[in-house]
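Notes follow once the structure below has been shown.
Each reported figure results from applying straightforward, stated rules to the coordinates on display, with no laboratory input. Predicted model only: the values in this text are computed from it and were never measured. As a convention, Cβ positions derive from the backbone with ideal geometry for all residues, glycine included, and neighbour counts pool all protein chains shown.
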Ligand SMILES: [Zn+2]
């Protein structure tokens, strides 16, 4: 089957009461790890690429790797999503390349660093919704600012600096018509999210629940939602790494989110940690090896294991075959009505 739009995956997830992980990629091994995890758990799949990934891998490589994935895993509904588009122009180029879902992050100015005004965010997001929906492509917006910086994107603020205001979120969805909404509830991009296990003071799940009550039919997105498990940190540090102690978003908090309207959960750091730990282990234990396959295979396997675990805990496992994918042209007609 061709790449499918994200809206349908999230609508189905809402019906089934589960969440769908969105995993970032930069190369072939990461795509393979996700697709294998999708097959093993029979899960729908969201693969996402940031601007940084698009420039690292080049659009044509990414796109054709994803086409290969749809040919090799025809039983799995697979979305290619743009993570943190910084301008309508970036979203347009992704849509033209064949992405079936885009995020317009108008919470920041096009420099990807400066928090924007509500009016700017609404205007930029509306433009993208008009352009994307005409082609049946899904749009994720963001209101409030996430903490941290990822791939050069982010204001570098604390996760608590610009929490999403529920009333503004409701207004934003009404004015833009976005399919999914990323909200700021205290999470940050990168490995260093929390200095200790998060509590209600640092991870604002009550805010998320309030937003869900205002917007019961909007698909909420949790960014910066790696769990940063200690086991993955320990592997890296045991083999010469130097990670400082850090905490991520506990799985049970994500599951609470899923019970309250969260349909997409972004995970990148956990996979990066798994890959790096596996490669370090080979380098330390077998310093005589020099064939890249000797460390890329275990790295791919380590990432697959994390993705399988997430797919099971988010509840998407077992749901790949629940529905017939709707072609983008049909989605475009539905939006037009
Ligand atoms: Zn993000």
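Among residues of the stretch 207-231 that are touching a residue at least 60 places away in the same chain (Cβ under 8 Å), those with a beta-carbon under 7 Å from a residue that is away from the ligand (no atom under 16 Å from the Cβ) and part of a loop (DSSP other than H, G, I, E, B) at least six positions away or on a different chain give the pairs 219/179.
Checked against the criterion of being within 24 Å of residue 25 (Cβ to Cβ), surrounded by fewer than 18 Cβ atoms within 10 Å (Cβ to Cβ) and either within 16 Å of the ligand (Cβ to nearest atom) or more than 20 Å from the chain's Cα centre (by Cα) (or both), the stretch 114-123 contains not a single residue that satisfies it. If you check residue 37 against the conditions, is it more than 16 Å from the ligand (Cβ to nearest atom) and either surrounded by 17 or more Cβ atoms within 10 Å (Cβ to Cβ) or within 16 Å of residue 317 (Cα to Cα) (or both)? Spelling it out, residue 37 is indeed more than 16 Å from the ligand (Cβ to nearest atom) and either surrounded by 17 or more Cβ atoms within 10 Å (Cβ to Cβ) or within 16 Å of residue 317 (Cα to Cα) (or both). Out of all the residues in the stretch 170-193, which are over 15 Å from residue 156 (Cα atoms) and surrounded by fewer than 22 Cβ atoms within 10 Å (Cβ to Cβ)? Residues satisfying the conditions are 170, 171, 173, 174, 175, 177. Taken over the stretch 170-194, the residue count meeting the criterion of being on the phi > 0 side of the Ramachandran plot and away from the ligand (no atom under 12 Å from the Cβ) is 2.
Checking every residue in the stretch 187-198 against the condition of being touching a strand residue (DSSP E or B) at 6+ places or on another chain (Cβ under 8 Å), part of a loop (DSSP other than H, G, I, E, B) and within 30 Å of residue 285 (Cα to Cα) gives at least one match.
Residues checked against (1) free of Cβ contacts under 8 Å to residues at least 40 places away in the same chain; (2) assigned to a helix (DSSP H, G or I); (3) surrounded by fewer than 18 Cβ atoms within 10 Å (Cβ to Cβ); (4) within 13 Å of the ligand (Cβ to nearest atom):
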position	(1), (2), (3), (4)
126	no, yes, no, no
135	no, no, yes, no
141	no, no, no, yes
155	no, no, no, yes
159	no, no, no, yes
168	no, yes, yes, no
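Identification of helices (runs of 4 or more DSSP H) wholly contained in the stretch 1-74 with 1 or more residues that are in contact (Cβ under 8 Å) with a residue 12 or more places away in the chain and over 23 Å from residue 328 (Cα atoms) yields 28-41, 51-57.
Applying the criterion of being outside any strand (DSSP E or B) and buried (at least 21 other Cβ atoms within 10 Å of the Cβ) to the residues of the stretch 77-87, the residue that is farthest from the ligand (Cβ to nearest atom) is 77.
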